[in-house]
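For reference, the structure is listed below as structure tokens.
The values are calculated or read from the model by the stated rules, or taken from the named source; none is laboratory data. Keep in mind that this is a model prediction, so the values were computed, not measured. A quick note on method: Cβ atoms are made from the backbone with ideal geometry, for glycine too, and the neighbour counts reach across all protein chains shown.
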Amino acid sequence: MAILVIAEHDHGTLKGATLNTVAAAQKIGGDIHVLVAGHKAEGAAKAAAQIAGVAKVLSADAPQLGEFLAENVAALVVSLARNYSHILAPATSNGKDVTPRVAALLDVQQISEIIAVEAADTFVRPIYAGNALATVKSKDPIKVITVRTTGFDAVASTGGSASIEKVDPPADSGLSSFVSREVSKSERPELTAAKIVVSGGRGMGSGENFKLLEPLADKLNAAMGASRAAVDAGFVPNDWQVGQTGKIVAPELYVAIGISGAIQHLAGMKDSRVIVAINKDEEAPIFQVADYGIVGDLFKVVPELVEELKK
Amino acid sequence: MKVLVSVKRVVDFNVKVRVKADGSGVETANVKMSMNPFDEIALEEAVRLKEAGVATEIIAVSCGVQACQETLRTALAIGADRAILVESNEELQPLAVAKLLKAICQKEAPQLVILGKQAIDDDSNQTGQMLAALLGWSQATFASKMVLEKEKATVTREVDGGLETVSIKLPAIVTTDLRLNEPRYVTLPNIMKAKKKPLETLKPDALGVDVAPRLQTLKVLEPAKRKAGVKLPDAKALVDKLRNEAKVI
């Protein structure tokens, strides 16, 4: 039995989500191969070969794989699938885009966002915004799975020395083409990988007011996030959204500021190790999951917090 | 251009679901059911296309139990022209739904199918991509903006790092994200009009689709609950706790 892990990368470097996905593959057991599909992605392929526990890296390198278009990447994965009992991808926006396409082409019912492996055919996944955990058993010959990265501790990024094997890229499907990308630039750690996250909600009042959180995030070396309400109101960009349908995070420390704590938001952060809530409404549901809470005006408490952290 | 929209009947997003004591699933009896919020966004987008003179006909499709008729009536009230229910009492998993929708697409030949990116009950996020695969069509998932032209659509997608724009050839599948539009409220006159619109019922057999589930649910449990912690008087006390008790900073 061999397991194929679809790597998350930006051609030059490998993304951390790949390491969590390899960890899930190790729980299943078997030879682990990592597929790096991209263009001029030698850097990512070399990094994948260093991952502890990886037996082989498959490198498909071609211009038509350069933008991770689902039609092309899925065709590639399907061409390799017959060699594998399991195909795993991280539940990132790329993984979620491509993997169901692979599953359907293989006539397999995908298992989305697993958080635990019970057996090679049995997995645990959250449903209803994480308010229930379903244990499901797959009857399909190939298990096609996306992995919620917060469910698995990353394997070591070094220590391995896998061989890199070239595989043939598929022809361009001609169905879709890349136009442009607007990447939110930030010097801060990536939201899903950060050890500390500072998030703001509707209580921030405006996009301008989010600046108040920056010194706090700087002081803590934290990523910045937001609730859906703050994103919908246009305070901050969409990729800051933490929640059921946004990003799922589980940092060491999550600081929720002016966030009431709708179940959809809690679904995205309640596995954080320590949760702090600052909200003026003492009845806010966020306090029911917070380890430490301050009931008060965030515009007063946050600057005080920054001052205290300097001491 | 004909546009097809799929709508799912789900537990309303405001309901806090309860896991059944026997671990067989979540309690859905006597719980408020609604159209999946992402599907409302999909339907709204289709109606706007029709109002702009781009779409000529909107077909709403739902797969599931007979009560999905209510969801389809809502879809008709929002602005769909006709509705199709694929009725089944089986637990329909995304692959089965994609196969049913494929059969309907082959019959109806839409140029565009808009679906919600995920249903808020099983949180699978699969059906649209699967349908695109089965039809051999292009896909643009997690759409926050869509511009239709004659033979293609330009779609801006919400992705992990920000936004990405792709051009997809029609016919195509688009799945919606939250920022695509803000769905309208259903008005009473439109609810009345919707009662007169056609609603056809089909069975999976008639479409030649085997809908038997591939995933068996062994148990459904409640996740470990977090306990509410302590309220602190000020920032000084908080920093002290974070440094000396939780040791996270």
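The sole residue among B:Ala109, B:Ala140, B:Ala103, B:Ala133 that is within 23 Å of B:Asp210 (Cα to Cα) and surrounded by 24 or more Cβ atoms within 10 Å (Cβ to Cβ) is B:Ala133. Out of curiosity, is B:Ala60 of a type in the set (A, V, I, L, M) and in a helix (DSSP H, G or I)? No, not satisfied. Taking region A:190-212 as the range and being closer than 15 Å to A:Pro251 by Cβ and either surrounded by fewer than 16 Cβ atoms within 10 Å (Cβ to Cβ) or out of contact with any Pro (no Cβ under 6 Å at 6 or more places or on another chain) (or both) as the test, the residues that pass are A:Glu190, A:Leu191, A:Thr192, A:Ala193, A:Lys195, A:Val198, A:Ser199. Confirm whether A:Ala104 is under 30 Å from A:Gln244 (Cβ atoms) and not in a helix (DSSP H, G or I). Considered against the rule, which asks whether it is under 30 Å from A:Gln244 (Cβ atoms) and not in a helix (DSSP H, G or I), A:Ala104 comes out as no.
Can you find a residue that is under 14 Å from B:Thr201 (Cβ atoms), within 14 Å of another protein chain (Cβ to nearest Cβ) and touching a residue at least 60 places away in the same chain (Cβ under 8 Å) anywhere in region B:93-103? Checked region B:93-103: at least one residue is under 14 Å from B:Thr201 (Cβ atoms), within 14 Å of another protein chain (Cβ to nearest Cβ) and touching a residue at least 60 places away in the same chain (Cβ under 8 Å). Sort out which residues of region B:78-91 are buried (at least 21 other Cβ atoms within 10 Å of the Cβ) and either within 13 Å of chain A (Cβ to nearest Cβ) or of a type in the set (A, V, I, L, M, F, W, C) (or both), and write them in order of number. Within region B:78-91, B:Ile78, B:Ala80, B:Ala83, B:Ile84, B:Leu85, B:Val86 meet the criteria. Just a yes or no: is a residue in region A:165-173 farther than 26 Å from A:Asn20 by Cβ, in contact (Cβ under 8 Å) with a residue 24 or more places away in the chain, within 11 Å of chain B (Cβ to nearest Cβ) and buried (at least 20 other Cβ atoms within 10 Å of the Cβ)? No, the conditions are met nowhere in region A:165-173. Under the condition of being more than 8 Å from chain A (Cβ to nearest Cβ) and closer than 25 Å to A:Pro141 by Cβ, the residues counted in region B:206-237 number 6. Touching a strand residue (DSSP E or B) at 6+ places or on another chain (Cβ under 8 Å), buried (at least 21 other Cβ atoms within 10 Å of the Cβ), modelled with pLDDT of 95 or more and aliphatic (A, V, I, L, M), is that true of B:Leu170? The answer is no for B:Leu170. Please go through region B:138-151 and give me each residue that is in contact with a Leu (Cβ under 7 Å, 6 or more places away or on another chain) and at the interface with chain A (Cβ under 9 Å from one of its Cβ atoms), ordered by number. Within region B:138-151, B:Ser138, B:Ser144 qualify. Just to check your reading of the model, which residue among B:Ala224, B:Ala194, B:Ala212 is loosely packed, with under 14 Cβ neighbours inside 10 Å and under 22 Å from the mean Cα position of the chain (by Cα)? After applying the criteria, what remains is B:Ala212.
Within region B:2-33, track down each residue that is in contact with a helix residue (DSSP H, G or I) (Cβ under 8 Å, 6 or more places away or on another chain) and either under 20 Å from B:Val61 (Cα atoms) or surrounded by 19 or more Cβ atoms within 10 Å (Cβ to Cβ) (or both).
Answer for region B:2-33, where residues must be in contact with a helix residue (DSSP H, G or I) (Cβ under 8 Å, 6 or more places away or on another chain) and either under 20 Å from B:Val61 (Cα atoms) or surrounded by 19 or more Cβ atoms within 10 Å (Cβ to Cβ) (or both): B:Lys2, B:Val3, B:Leu4, B:Val5, B:Ser6, B:Val7, B:Lys8, B:Arg9, B:Met33.
Here A:Gln288 meets the list (1) closer than 21 Å to A:Pro189 by Cβ; (2) free of Cβ contacts under 8 Å to residues at least 60 places away in the same chain; (3) surrounded by fewer than 24 Cβ atoms within 10 Å (Cβ to Cβ); (4) not hydroxyl-bearing (Ser, Thr, Tyr) almost entirely, failing just condition (1).
Look at (1) assigned to a loop (DSSP other than H, G, I, E, B); (2) surrounded by 21 or more Cβ atoms within 10 Å (Cβ to Cβ); (3) more than 8 Å from chain B (Cβ to nearest Cβ); (4) not aliphatic (A, V, I, L, M) and you find that A:His265 fails only one, number (1).
With respect to the numbered conditions (1) within 20 Å of A:Val102 (Cβ to Cβ); (2) at pLDDT below 95, which one is the sole condition not fulfilled by A:Ala171? Of the numbered conditions (1) within 20 Å of A:Val102 (Cβ to Cβ); (2) at pLDDT below 95, the odd one out for A:Ala171 is (2).
Within region A:78-96, identify whether any single residue is more than 26 Å from A:Ala156 (Cα to Cα) and free of Cβ contacts under 8 Å to residues at least 40 places away in the same chain, and answer yes or no. So far as region A:78-96 goes, yes, one or more of its residues are more than 26 Å from A:Ala156 (Cα to Cα) and free of Cβ contacts under 8 Å to residues at least 40 places away in the same chain.
For region A:52-101, a residue qualifies if it is closer than 24 Å to B:Leu115 by Cβ, assigned to a loop (DSSP other than H, G, I, E, B) and not aliphatic (A, V, I, L, M), and the qualifying residues are A:Glu67, A:Phe68, A:Thr92.
Residues that are more than 24 Å from A:Val144 (Cβ to Cβ) number at least 1 in the following strands (runs of 3 or more DSSP E) confined to region B:78-190: B:82-87, B:112-116, B:138-148, B:152-159, B:162-169.
Scanning region A:131-161 for residues that are away from chain B (no Cβ under 12 Å) and farther than 29 Å from A:Leu105 by Cα gives A:Asp153, A:Ala154, A:Val155, A:Ala156, A:Ser157, A:Thr158, A:Gly159, A:Gly160, A:Ser161.
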